[in-house]
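Reading through the structure tokens given below for one structure.
The values are calculated or read from the model by the stated rules, or taken from the named source; none is laboratory data. It should be emphasised that the depicted structure is a prediction, and the values quoted were computed from it without experimental measurement. Don't worry about glycine lacking a Cβ; one is built from the backbone with ideal geometry, like all the others, and counts go over all protein chains shown. SASA here: full protein model, heavy atoms, side chains in, ligands and nucleic acids out. Shrake-Rupley method; radii C 1.70, N 1.55, O 1.52, S 1.80 Å.
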Amino acid sequence: MAATINSVQELRSNVIGVSLTKPASLSPGEYDVEVEVGEKQLTYVFTFFDGDAPRLESVSPSSVPAALTIGSRQVDLRTRVAFVMANIPSNIEPTDITVSVGGARAEVLSVRAPSSNRTVVDILAPAVASPSTRAASIIIQLESRSVSLSAELSYEVPCDFESFCGGQRYAVDVQRLSKEPVIACDVDYCIDPNLVESPTLKFVSPKRGPRTGGTVVTVEFENLPAFSVNDVTISTGIGGFRRYGTVTGIFQSADSTTFSGSGSLTFITPGVTTPRDAVFEIVVNTGSFIRSTTFEYKFLKRQGVPTIASVSPMIIYESQDLDLFMSLEDVTALSFPFNLSRFTYHVNGASGFLSSVLSSTDEKTDVAISVPGPFTPGPLSVSIFPTRLGETFATSINITVLADPTPAVKSSFPKQGLAEETTTVNVIVSHLPFGANASDFTAQTESEGLAQNTVFENATVVSLRSLTPNDCESVLCTQHEIVVEVPANPAGDVVSTATLHLQYLSDEGELQDLEVEFTWLSSTTPAFEYFFPRSVSLSQIDETNITMMIRNFPTAGCGQTATCAAEIGDSASIRFGSAAGRILAVSDSNGMLLVSAVAGIVENARDVQVVVTGTNNASGGVVSAETFFDFAYKTPALELSPLDGRMGGGSVITLTARAWGRASFVQQPS
């Protein structure tokens with residue numbers, strides 16, 4: 001088919017240019033073009049295409065690196081490749097395009113339209129193990145039809161980076177090579193291994209699971225130079241007993257590099273033969289350097305059987321409802337919001353679900369159950385098990401049930417009074433019924449008379465008032481104050497002890513006798529008339545000045561002559577229980593000895609008696625005065641940090657307990 005020659009011109013020496021027009025009936029395609037100039041003939045191949053039809057104009061790059069081996073492991077390289085196409089609608093989406101290379105699906109990253117008639121499709125070419133030329137197929141789904149284009153992609157042998165970098169005593173930056181693959185050797189892909197940070201772990205969950213394995217564990221890390229599941233191994237044990245976990249995923253933050261960064265990985269635990277505490281080791285071995293870290297993990301003895309780590313309370317009264325708090329271990333952490341039906345309890349023939357879940361972590365799950373009373377005194381068995389597994393997986397513990405308490409004296413004040421005077425005594429009584437009245441009580445003192453006979457004297461019950469908290473619903477928590485007037489000592493102005501009997505007729509017709517010890521003091525007996533304060537915080541012992549006034553000390557007559565301080569001199573000493581206090585000053589005041597002192601140092605909270613001892617400078621006799629009340633060493637308030645936490649529980653709260661004494665003194669904190 002002849003073409004029309006339009007012109008012939010000499011472009012330069014021995015070079016001419018021929019302008020021609022193709023035959024009008026020529027279809028798009030590839031043709032052999034023959035040009036004859038005189039006796040000379042030239043033949044070449046020329047392609048005529050439809051300028052309006054979709055076509056592939058270029059592939060960049062057309063050559064990409066195949067996989068390479070670093071440190072005895074294959075590093076798969078996936079290169080970003082751009083296909084430039086013409087006459088493709090600019091409004092197509094990546095989901096409209098399917099690209100395969102050598103039969104393997106490529107990932108379509110983006111679609112761009114740099115000009116009105118050009119479309120660029122960016123793909124991530126699939127990794128290929130060995131050098132070869134692979135056919136690339138691009139299928140574009142348009143509204144009414146699909147377009148199919150083809151190209152070739154050449155996979156070439158890349159640089160032996162392990163030898164190249166190793167020759168310079170460097171390591172291969174595998175992460176950069178994976179993100180930006182190249183064929184030629186480049187020193188920018190070599191790194192100093194000494195600059196690679198050591199990895200640390202931020203979070204591991206769960207930290208326990210069945211010994212049969214199969215638990216999916218998530219590990220959050222910093223500075224772990226691993227960017228694919230093939231980069232890392234996770235194992236536990238030693239030698240032939242080492243067991244390997246299966247790494248299922250690794251995720252690095254966008255700014256992570258080989259040198260530093262953060263991310264997470266997941267793996268499936270292996271099975272072990274026996275339950276035990278284990279240590280897992282995470283290792284990244286690049287061939288040029290090794291980085292590793294460890295974490296602790298517990299393989300549980302039997303999946304599903306909970307272990308009761310702690311219980312409170314261990315003792316209740318028969319009329320009480322059972323509100324039991326338990327810490328369970330060896331159970332799978334519950335997700336929030338908590339499903340109370342996940343556990344079932346059996347108590348005293350009753351069954352039910354949890355009343356609440358306080359918190360649940362991989363370490364333990366804190367739960368509560370509520371069972372209405374009453375219960376029979378004696379041991380009470382409580383069992384609990386995962387509902388879906390059934391009672392075969394139950395664990396149990398015994399709670400002690402005590403008979404309901406009878407009324408009892410909790411405290412009385414004062415415990416002493418002058419023998420020749422009536423003394424008003426306040427008695428605090430626990431476990432009286434709600435409707436108790438002063439008229440329900442009679443009172444009398446029992447003491448030894450001058451003839452060593454037993455003498456009973458009537459005392460007067462003045463009043464009774466309730467101190468019971470508003471939320472109290474049974475005699476277990478009732479508290480009442482009874483005011484009694486104790487008569488003078490029937491034996492006269494002498495020191496003697498008495499038992500104050502408070503007799504109460506119960507609703508059941510039982511006569512109950514409450515006893516209070518009381519001491520009559522003679523008018524010449526040393527005794528405390530004033531003492532303040534009667535307690536001190538363990539954290540402020542040295543800062544608290546205690547003031548007390550003692551009559552008849554060291555002698556009965558010193559108050560009349562204001563010589564008490566002179567008579568005692570510097571011989572006074574003071575003890576708070578077994579701890580020696582410190583006398584700061586003594587002086588005379590209102591016919592009594594005024595003493596200023598600091599309490600003795602103790603290590604934990606307690607109630608003690610205070611005794612002041614001294615020597616009469618005139619007679620040389622040793623005298624002492626003892627408090628008729630308890631002096632209290634009090635524990636300072638706890639400091640709590642932080643003050644808030646996750647609704648799902650599991651937050652670590654630090655309680656700082658100052659002045660509790662040595663840690664060995666604190667038994668089973670709960």
Seminar exercise, completed: Taking segment 247-261 and keeping only residues that are outside any loop (DSSP other than H, G, I, E, B) and either open to solvent by 40 Å² or more (accessible area, probe 1.4 Å) or of a type in the set (Asp, Glu) (or both), one is left with Thr248, Phe251, Gln252
For this session: Could you grab me the full set of residues in segment 569-612 that are closer than 20 Å to Val623 by Cβ and of a type in the set (S, T, N, Q)?
Result: Ser571, Ser573, Ser587, Ser589, Asn590, Ser596, Gln609
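Name the single residue that is most open to solvent (accessible area, probe 1.4 Å) among those in segment 468-519 being among the hydroxyl-bearing types (Ser, Thr, Tyr) and within 14 Å of Ser412 (Cβ to Cβ). Please lay out each step first, then the result.
Going through segment 468-519, the residues among the hydroxyl-bearing types (Ser, Thr, Tyr) turn out to be 468, 474, 478, 496-497, 499, 504, 506, 519.
Applying the additional criterion that residues be within 14 Å of Ser412 (Cβ to Cβ) yields 497, 499, 519.
Details: Thr497: 91, Thr499: 25, Thr519: 35 Å².
That would be Thr497.
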For this session: Could you list, in sequence order, all residues of segment 1-12 that are open to solvent by 90 Å² or more (accessible area, probe 1.4 Å) and either in contact with an Asp or Glu (Cβ under 9 Å, 6 or more places away or on another chain) or hydroxyl-bearing (Ser, Thr, Tyr) (or both)?
Result: none
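For the subset of segment 458-467 comprising residues that are open to solvent by 50 Å² or more (accessible area, probe 1.4 Å) and not β-branched (Val, Ile, Thr), which member is farthest from Thr442 (Cα to Cα)?
Restricting attention to segment 458-467, the residues satisfying the condition of being open to solvent by 50 Å² or more (accessible area, probe 1.4 Å) are 458, 460, 462, 465-467.
Going one step further and asking which of them are not β-branched (Val, Ile, Thr), we end up with 458, 465-467.
Numbers: Asn458: 8, Arg465: 16, Ser466: 18, Leu467: 20 Å.
For segment 458-467, the residue satisfying everything is Leu467.
Of the residues Ser383, Ser359, Ser370, only one is open to solvent by less than 60 Å² (accessible area, probe 1.4 Å), touching a residue at least 60 places away in the same chain (Cβ under 8 Å) and not in a helix (DSSP H, G or I); which? Before the answer, list the steps.
Numbers: Ser383 fails: touching a residue at least 60 places away in the same chain (Cβ under 8 Å); Ser370 fails: touching a residue at least 60 places away in the same chain (Cβ under 8 Å).
Going through Ser383, Ser359, Ser370 in turn, just one is open to solvent by less than 60 Å² (accessible area, probe 1.4 Å), touching a residue at least 60 places away in the same chain (Cβ under 8 Å) and not in a helix (DSSP H, G or I): Ser359.
Suppose we filter Val586, Val602, Val610 for residues that are farther than 22 Å from Asp630 by Cβ and either crowded, with 18+ Cβ neighbours inside 10 Å or among the aliphatic types (A, V, I, L, M) (or both); which single one remains?
Values: Val602 fails: farther than 22 Å from Asp630 by Cβ; Val610 fails: farther than 22 Å from Asp630 by Cβ.
Within the list Val586, Val602, Val610, the selection yields Val586.
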Problem set entry | Residue that is least open to solvent (accessible area, probe 1.4 Å) [pool: residues in segment 321-356 that are in contact with a strand residue (DSSP E or B) (Cβ under 6 Å, 6 or more places away or on another chain) and charged (D, E, K, R)] | Asp330
For this session: May I ask you to say which residue of Val174, Val121 is closer than 26 Å to Ser58 by Cβ and among the β-branched types (Val, Ile, Thr)?
Result: Val121
Exercise. Within the set of pairs 6 or more residues apart or between chains, which connect a residue that is open to solvent by less than 50 Å² (accessible area, probe 1.4 Å) inside segment 209-228 to a residue that is assigned to a loop (DSSP other than H, G, I, E, B) and charged (D, E, K, R) with Cβ atoms less than 9 Å apart?
Worked result: Gly209/Asp362; Pro210/Lys301; Pro210/Arg302; Val217/Lys207; Asn223/Glu197; Pro225/Glu197; Ser228/Asp76
For this session: Just one of (1) charged (D, E, K, R); (2) touching a Ser or Thr at 6+ places or on another chain (Cβ under 6 Å); (3) open to solvent by less than 20 Å² (accessible area, probe 1.4 Å) trips up Glu281, so point out which.
Result: (3)
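Among the candidates Thr200, Thr236, Thr212, single out the residue that is of a type in the set (S, T, N, Q), modelled with pLDDT under 90 and over 21 Å from Gln74 (Cβ atoms).
Working: Thr200 fails: modelled with pLDDT under 90; Thr236 fails: modelled with pLDDT under 90.
Among Thr200, Thr236, Thr212, only Thr212 is of a type in the set (S, T, N, Q), modelled with pLDDT under 90 and over 21 Å from Gln74 (Cβ atoms).
Within segment 30-39, does at least one residue satisfy the condition of being among the aromatic types (Phe, Trp, Tyr), under 25 Å from Thr133 (Cβ atoms) and surrounded by 13 or more Cβ atoms within 10 Å (Cβ to Cβ)? Step through it out loud before you land on a result.
Taking segment 30-39 and keeping what is among the aromatic types (Phe, Trp, Tyr), we get 31.
From what is left, the residues that are under 25 Å from Thr133 (Cβ atoms) are none.
No, every residue in segment 30-39 fails to be among the aromatic types (Phe, Trp, Tyr), under 25 Å from Thr133 (Cβ atoms) and surrounded by 13 or more Cβ atoms within 10 Å (Cβ to Cβ).
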Problem set entry | Members of segment 69-99 found to be part of a strand (DSSP E or B), open to solvent by 30 Å² or more (accessible area, probe 1.4 Å) and either without any contact (Cβ under 8 Å) to a residue 40 or more places away in the chain or among the hydrophobic types (A, V, I, L, M, F, W, C) (or both), listed by number | Val84
Exercise. Within segment 118-176, how many residues are closer than 30 Å to Phe259 by Cα, open to solvent by less than 20 Å² (accessible area, probe 1.4 Å) and part of a strand (DSSP E or B)?
Worked result: 5
Exercise. How many of the residues in segment 541-581 are farther than 20 Å from Phe629 by Cα and either free of Cβ contacts under 8 Å to residues at least 40 places away in the same chain or assigned to a loop (DSSP other than H, G, I, E, B) (or both)?
Worked result: 18
Exercise. Of all strands (runs of 3 or more DSSP E) completely enclosed by segment 400-501, which ones contain at least 2 residues that are of a type outside the set (Phe, Trp, Tyr) and over 25 Å from Gln320 (Cα atoms)?
Worked result: 416-418, 423-430, 441-448, 454-466, 479-486
